[in-house]
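Asks: Just dropping this structure here.
The values are calculated or read from the model by the stated rules, or taken from the named source; none is laboratory data. These figures come from a predicted structure and were not determined experimentally. Every residue, glycine as well, gets a Cβ built from its backbone with ideal geometry; the counts of neighbours run over all protein chains shown. Please note that ligands, DNA and RNA were not included when accessible areas were found on the heavy atoms of the full protein model with its side chains. Shrake-Rupley method; radii C 1.70, N 1.55, O 1.52, S 1.80 Å.
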Amino acid sequence: VASTVSVVLGTFAGVALHKYKVPFLSTLVMIPVAAPELLVGVSLLLFFLLINFTLGMVSIILAHTAFCLSFVTIAVKTRMHGMDDSLIDAARDLGASPTKAFTAVLIPTILPGIIAGWLMAFTLSLDDFVITFFVAGPGSSTLPLHIYSMLKFGVSPVINALSVILIAGTVALAISTRKIQKYIVI
């Protein structure tokens, strides 16, 4: 959920940052990428406590979205640098509405950046322990928190099996991506 929400918001943010070129905002986007996760986790915990927000699965999703948003924005903005801006103008000159130009011209052009951003956000969200540790409330848990709680009692075969499943899934995803890549025009 967090990776999908951050892809939607990050795509719009990346396009806006490319179009309007505000240097301060580009620097601001880099803060979650450069800041230590411990600092981000404590800051988000203090923010949730300040606004009296109940910690739970919603706070985890919001925190992961806030953390992953920067990575998606950077991926989309980087992909936008390789794009010819006159494509949108040509679509508009040929009668496309702004929405049609966005969906029919811009999105397919930056799709590799969007996919890369989603994969990065998904991986970071799945793997994140530190931020989740701070913003998870009672009764809400993610896979890294669950594995951590299992490790308190020793390494069990379940942890080994989970590791094998995650590695096998990663390898399968990498192989699938390579096979699909030849069908996508980049």
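Asks: Looking only at the range 1-34, count how many residues are at pLDDT below 85 and among the β-branched types (V, I, T).
Replies: Residues flagged as at pLDDT below 85 and among the β-branched types (V, I, T) within the range 1-34 amount to 2.
Asks: Considering only residues that are within 23 Å of F122 (Cβ to Cβ) and without any contact (Cβ under 8 Å) to a residue 12 or more places away in the chain, look in the range 133-157 and name the one that is most open to solvent (accessible area, probe 1.4 Å).
Replies: Among them, the one singled out is H146.
Asks: Given the conditions (1) open to solvent by less than 50 Å² (accessible area, probe 1.4 Å); (2) over 19 Å from C68 (Cβ atoms), report the number of the one that A174 does not fulfil.
Replies: (1)
Asks: Continuing with this model, one more query. Please indicate, with yes or no, whether at least one residue in the range 99-106 is open to solvent by less than 50 Å² (accessible area, probe 1.4 Å) and under 19 Å from the mean Cα position of the chain (by Cα).
Replies: No, the range 99-106 has no match at all.
Asks: Taking the options T99, T65, name whichever one is polar (S, T, N, Q) and more than 11 Å from V7 (Cβ to Cβ). Steps first, please.
Replies: Working: T65 fails: more than 11 Å from V7 (Cβ to Cβ).
The unique qualifying residue is T99.
Asks: With of a type in the set (G, A, S), within 30 Å of L39 (Cα to Cα) and under 24 Å from the mean Cα position of the chain (by Cα) as the only criterion, which of A75, A168, A172 stands out? Outline the logic, then answer.
Replies: Numbers: A168 fails: within 30 Å of L39 (Cα to Cα); A172 fails: within 30 Å of L39 (Cα to Cα).
Criteria check complete, one pass: A75.
Asks: Now a separate question. W118 versus (1) open to solvent by less than 20 Å² (accessible area, probe 1.4 Å); (2) within 20 Å of V5 (Cα to Cα): which is the lone unmet condition?
Replies: Every listed condition holds for W118 apart from (1).
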